[in-house]
Every structure is written in C-alpha cells, then in structure tokens.
Ligand SMILES: Cc1ncc(C[n+]2csc(CCOP(=O)(O)OP(=O)(O)O)c2C)c(N)n1
Ligand SMILES: [Mg+2]
C-alpha cells in the first residue's frame, strides 16, 4: 500500500499523543491526582492508531477499560479526557464516568467500558443500525485477548456473521488478562483462529507495527463498508504496565517483558520514517514537542477546572 | 484464643480452614491463584492448596454455571466474582439454576456453593465497580445472602456459608478489607440468620450492615454526646433475616432507622421496614427512617461519590429527626 507522508506523520502524531497522555497519567496517578482505576495503553499505541486511521466520525467504535488510546486515535479531545480522569466538571462525562467510561458519541465513540466483553454486542448493534439505516458506516470493536473468553464474544460474532453486519473485531492480544497469561486462559495460540468457527476471515498482525495494523484493519474495514461482512483482526502486542496503575505486574516474566520493551512500536516507526526519508529526526522531534505541550496544557486545564457540584450527582439518570 | 486479623485475612482464614477440613471445598475465579485475587483475599492459598485454588478465564457465566454443576456433583465450590457489579453477567446461573434446582427437583439436588464477591463504593471506581446489589439476591428464594461487617463475622460466616447446603452470596465490602479486629483462632462458626448488636442502646435502633455498620457506630458515638443512646444492630445475614432480634430491639427503643449503601428504592431496607410495620407497628413511637443511596448510578468523581454514599452526618440527621 502506498502511503503519503502526511498520513504517516499523522500516525506518528497519534501514537506520540497516546504515549504522552499515558506517560503523564503514570506520574499523575503516582502523585495521587487521579482517583479510581487507571488502565494504561502504553506499548499498544500502534493498534488503535493503525485501526482508527481508516475510520471517520460517522463510524463507531466500542472501547474497553484500557480505552485512552482508542479515544485519542478516534479523535477524542485530550483536555476533556484528562479532566475526566481528574473527576472534574469539565471532563467528557462531567466527572461522572472517569477513565473507564469516557465516551464521545458525536465522534462515534460509544464508550470505554468497565465490563470486559460488553463492547462486543454493543458494536454489533451499532453495525446493525448502520446497515438498517443504509449508511456506509461501520463499527469497530476493540477487545482484549482475555475478553474473547466471554460468552458475549461468541454470541456477538455469530450474530454479526449471520446478518453480515459491517463490524470489525479488533483483538488487542497483549498476552494477559490481569495476571492470567494467554497460554493459561485459552488453548489456541491465535485468537484469530476463533473467526473460522463463525465463517469469517481472521488475520494475525504484528500489533507493534503501525503500518501492518493499518493495512490489515483497512482491508477489514473496507470489506465491512462494501457490505461483505465482519472480520476479526488480531494484533499481537504487549501491555507495558501492570493491569492497572498500582499493580507491579510481578506475575510477568522479566525476560519476556524486556524483550517486548525492545519491540516498542514508536522507535520502530521512527526509524522507518527516517530511513525511508518520510521525515527527518527534527521533524519528529517537533511533533513530539507539540503533543507534549498539548498534554501539559490538558493537565493544566484539568487541574484548574472545578469539581462538579453535589447536586449534579442526581442529574442525567434519565434522558429528557 | 483471639488473634488480630484484617477482614481480608479473616475471610481467608475461614476459607483455609474449610478447605483443610473438607477437600471437596475448592476456590475458583479470575486471578485468585498466583495473583491472590484482585483485592488480595486469596493471597497464598494456591501455594497451600495446589489444585484446590483455580484461576479461570474471564467467563463469569461459566464460573458460576460450572460451580452449580460441580456442587450438584458433590463438590463445595467457593466461586469468586471479582466485583458484585459483574453478577449481571452470570445472574441466570444463580437465579434460575443454583437457586431453584433443589426446589424444582423436589428436594433431590443440593447446591452447596458460596459466591464470594466484593461490593460497595468509596474508591472512585465509578458506576460499574461500586454498586451494592444485595437486594437483588434477597429477592431470589433459594439463595442466602451474607454481608459481614467485621473480621470475626467474616470468618465465622464464611465457615457457615461453606457448610450450608444452599447457594450463599457472600458479599464483602471493599472498604472493609483492611480493617482489623480480634478473630477467634481455629474453627469458628457463626450461624446464618443471627443478628449481632454492635452497640447497645435504648433510644433508637439503627439497623445497618456491611460498611454502614461502621458509619452507624460513628454516628452513634456522636449522638451519645448529644444524649441520644442509639443501639446499632447488624443483621449480618439478610436472608435468613433475624427478625426476632430486630423486633426485640425496636420494642426496646421504639424508633427505627435503617441504613444501607444500596439505592433506597427497592433496597432491602424497605423489606425490613415493611417487616417491622407488619409485625411490630405498635412498638414504634415514630416513623421508620431509611438512609440510603439516592436513585442514581454511582458517580466517578470523589466530589460526587462522597455526596451520594450515606454518611455519618446523614445518619445523625435521620436519627435526630425522630426526636
Ligand atoms: C465481566 C468482567 N469480568 C471481569 C472484569 C475484571 N477485569 C477487568 S479488565 C480484566 C482483564 C481483561 O483482559 P483483556 O481482555 O485481555 O484486556 P487487557 O486488560 O489485557 O487490555 C478483568 C478480568 C471485568 N471488568 N468485567
Ligand atoms: Mg489482554
């Protein structure tokens, strides 16, 4: 696939934005500025970036508890996201949702989710709506390796296939569900193999190679858009941090961790951009500085924002 | 002999003794092995009981459903659901399977299983990780519901839950896992259905369970300063409910305030209030008051969450409104 410089630098900027957002979240959490649970996407940036590159605001995504990367890649605003992590009134959900429930319905982001696997049928429903209304929009469902053990996964895939719905299932296989390693929680090596049980394509890609992810996802999304039905793309990647901040991840093999850290998707992509002369080192540095500034501004915005008022706790229970 | 333990340690001690006593008792759930459970309650048990503590995939429907099958086939599972909020995923396995088999099969099958799960808010965990769903379970004939508030109760009720021949919801509170208290060493059983007076008093009965017992005790202490001597009654198990102890206490004080963290509408406080109204209206000299969560999901921001969870101040205000 021939890729334009602009598009590639866009990938770079998105990955760097996620990296900067998440790196700051590590510090803020450690500094007790972020309440609740925070699950970070560090190391997995190439997946959301490569997938969302083929989506527009009219397309839907369902996200997970580890959702910051998906939201940023789908166009979510980092200041509103950060303020939500802080529990401030200016956040995406007015402080009611927090990290695990950020949504921007106008951008087609149907929410991060605190229930593992819950996004799978929701994405099927969104895809059904796209087809029912005869739009050419699609839905993309992000979920983890361990989430493919939920019944929802199997029910959702089956339903999506019998109705030939425009939905793409993106498995982010970071090899762990909390402490439980993939080899202990399922018999197959590739979650993508599960696609064959539903008669749809299932492909495996290097989830730390943004171009590989982009190409595989673009094909699956195109297929869904043309009306040829669902597919499953499995992106092999690695969760750098513990399951949530505060989990030291002692159950991981340190050698495996070190080996995966070397496969960091960002330097790999930088090297490619520079070698293939898409960008100079200084251009990349500029992008990096720009996004870091954005994240710093988002933090300042959040810190300076007010908390919601007590009476706000009782609103939004029912829609008007 | 007493030993100081945390609530989490006491739950663990209760499970450990039961597993030792009966090899048919086993634990399974997500991350209960090496990881020791999301809140560390099963820490170390997999080393002590290899093969009796089993990590499962993220498959709640099968965790509970298979526990039902294992129980029907002679084992005594303790299944862990990481947060009570995830019970929605496996509710059928509890309410149509575990709860009804004994009855539907004419008393022939037994389903001796414990479903351990933490509830409650106060940690900024938002709407899907902070709920108190106990009223749901009390509405299912065939299920017992246990909600310990202290380390000693946690241990004694665990033993009783494991030995019970019915499905028992054993609901822990996340805020209580670290609290310490004296716990009897060795075998210690608290029968299900026995309330405990956590503080004696003569002027008003405060019925509270789980985390709210501690808020009620703090409120009672403050009220004592103002000359109101509150009795704090912890039913400890909601089903079976020790109605006799509640009526006896209300008979003594003439006033009843019920405190729970769960949403007020449809909450179990309504059941207790109705029971007292039906069986002891003449014991009351003031209306029954409930202090509970307003009708809203639990907000994430600590600025909001702290306003909806029943507080010591709200309990004090409710009590004072009766005088
Ligand atoms: C139904 C349900 N069960 C369990 C959990 C607790 N939990 C949250 S994330 C998680 C692991 C998810 O693993 P995976 O799907 O691989 O995603 P990852 O965290 O690796 O991104 C678990 C068990 C939950 N939130 N919902
Ligand atoms: Mg995973």
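Of note:
- Some residue of segment B:290-303 being more than 14 Å from every other protein chain (Cβ to nearest Cβ), without any contact (Cβ under 8 Å) to a residue 40 or more places away in the chain, surrounded by fewer than 21 Cβ atoms within 10 Å (Cβ to Cβ) and within 15 Å of residue B:249 (Cβ to Cβ): no
- In the set (1) within 18 Å of residue A:161 (Cβ to Cβ); (2) under 18 Å from the mean Cα position of the chain (by Cα), residue A:226 fails one condition alone, (2).
- Residues of segment A:159-177 satisfying the condition of being crowded, with 21+ Cβ neighbours inside 10 Å and within 13 Å of ligand 1 (Cβ to nearest atom): A:169, A:170, A:171, A:172, A:173, A:174, A:176, A:177
- Residue check for residue A:222: away from ligand 2 (no atom under 16 Å from the Cβ), under 30 Å from residue A:133 (Cα atoms) and either out of contact with any strand residue (DSSP E or B) (no Cβ under 9 Å at 6 or more places or on another chain) or within 14 Å of another protein chain (Cβ to nearest Cβ) (or both): yes
- Condition met for residue A:247 (part of a helix (DSSP H, G or I), surrounded by fewer than 24 Cβ atoms within 10 Å (Cβ to Cβ) and within 16 Å of ligand 2 (Cβ to nearest atom)): no
- Candidate set: segment B:36-45, residues that are within 27 Å of residue B:73 (Cβ to Cβ) and more than 11 Å from chain A (Cβ to nearest Cβ); chosen: the one surrounded by the most Cβ atoms within 10 Å (Cβ to Cβ): B:42
- Of the residues making up segment A:153-207, those that are in a loop (DSSP other than H, G, I, E, B) and more than 15 Å from ligand 2 (Cβ to nearest atom) number 8.
- Selection status of residue B:106, without any contact (Cβ under 8 Å) to a residue 12 or more places away in the chain and within 16 Å of ligand 1 (Cβ to nearest atom): no
- Residues being away from every other protein chain (no Cβ under 14 Å) and surrounded by fewer than 24 Cβ atoms within 10 Å (Cβ to Cβ) - total across segment A:110-149: 12
Let's see how each residue does on (1) away from every other protein chain (no Cβ under 12 Å); (2) touching a residue at least 24 places away in the same chain (Cβ under 8 Å); (3) surrounded by fewer than 23 Cβ atoms within 10 Å (Cβ to Cβ):
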residue	(1), (2), (3)
B:16	yes, yes, yes
B:23	yes, yes, yes
B:34	no, no, yes
B:52	yes, yes, yes
B:55	no, yes, yes
B:77	yes, yes, no
B:80	yes, yes, no
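- Single unsatisfied condition, residue A:217 versus (1) in a helix (DSSP H, G or I); (2) in contact with a strand residue (DSSP E or B) (Cβ under 7 Å, 6 or more places away or on another chain); (3) surrounded by fewer than 22 Cβ atoms within 10 Å (Cβ to Cβ): (3)
- Flag if residue A:81 is within 11 Å of chain B (Cβ to nearest Cβ), part of a helix (DSSP H, G or I) and within 26 Å of residue A:167 (Cα to Cα): no
- Subset of segment A:124-149 (residues that are away from ligand 2 (no atom under 16 Å from the Cβ) and either in contact with a helix residue (DSSP H, G or I) (Cβ under 7 Å, 6 or more places away or on another chain) or part of a loop (DSSP other than H, G, I, E, B) (or both)): A:124, A:127, A:133, A:134, A:135, A:136, A:137, A:138, A:139, A:140
- Residue in segment B:69-87 that is closer than 21 Å to residue A:249 by Cβ and assigned to a loop (DSSP other than H, G, I, E, B) present: yes
All of the numbers you see were taken from the coordinates with simple rules; none came from a lab. The model shown is predicted, which means the values in this text are computed figures rather than measured ones. Please note: Cβ atoms are built from the backbone with ideal geometry, for glycine as well, and neighbour counts cover all protein chains shown.
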